[in-house]
């Protein structure tokens, strides 16, 4: 099948592209600028916020996969949740319908709901509603925190640990996460496209390891063959005030949305395994395969 992918050049997108190619699919990627590509991958220059730039490029495909998403806004550059979660989804759905494409798979996020505190989750939910009401043969996947080679989260923490034997913790650090490997997310996307039973369904994707944030820090240190780091606690109330003021600075490492999502936990019941039929890569095993080499790079 020929599949049109928006967001295929990012972290998750790279894994999805490799998985789909390995299964014999042909791909057409929406890109801002053409680059090197293999025979099985075509590139369409365009912008997901401008449907006229890719409407012709989507024609002739059998399915659309939307991986577009951001975790942080930069309004001065036009990088907003409204534009890249909601409007991008609306544009892709309209283009798919215009081209007669019925199959559509959307990447959302665990914790997405209409009454969420974070605008990230609220805009993700509005995008989901557009998909559900589209009339297409849709599947929605909601991954938890995604880790793997070239991720932002574990690599950032490992690099901090290389600089000093301490990793600050906001609040108690007992809020729980169930990270899932990017390769497992990609496998679910491929299987969803191949399994008619997933049409009209929404799946929450989590790994099998339910860890506190403190556990995550210790696991990263162990993968680097280092002792558990010192974990100075940063008072939650004070940090909320600081983040509120500092989040407008692009170099500041966290926003209020990100802090809220961390505190409200990121876990699920793993019922997705009943449909997709495989065991996810364990967190400690997964980071052990890449974290040392990755963080040692200049």
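Computed values, structure above
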quantity	calculated
Output for the stretch 161-184, where each listed residue is closer than 18 Å to residue 213 by Cβ and within 22 Å of the chain's Cα centre (by Cα)	175, 176, 177, 178, 179, 180
Residues satisfying the stated conditions in the stretch 12-36, i.e. assigned to a helix (DSSP H, G or I), exposed (fewer than 15 other Cβ atoms within 10 Å of the Cβ) and touching a residue at least 12 places away in the same chain (Cβ under 8 Å)	18
Any hit, the stretch 93-104, residues being surrounded by 14 or more Cβ atoms within 10 Å (Cβ to Cβ) and assigned to a strand (DSSP E or B)	yes
Residue match in the stretch 203-213 (condition: surrounded by fewer than 17 Cβ atoms within 10 Å (Cβ to Cβ) and either assigned to a helix (DSSP H, G or I) or within 18 Å of the chain's Cα centre (by Cα) (or both))	yes
Every pair of residues 6+ apart whose Cβ atoms lie under 7 Å, when the first sits in the stretch 244-256 and is farther than 22 Å from residue 116 by Cβ while the second is part of a loop (DSSP other than H, G, I, E, B)	246/252
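Here, each number is a calculation from the coordinates, and none is a lab measurement. If you're wondering where the values come from, they're calculated on a predicted model, not measured in any experiment. Cβ coordinates were reconstructed from backbone atoms using ideal geometry, including for glycine residues, and neighbour counts include every protein chain displayed.
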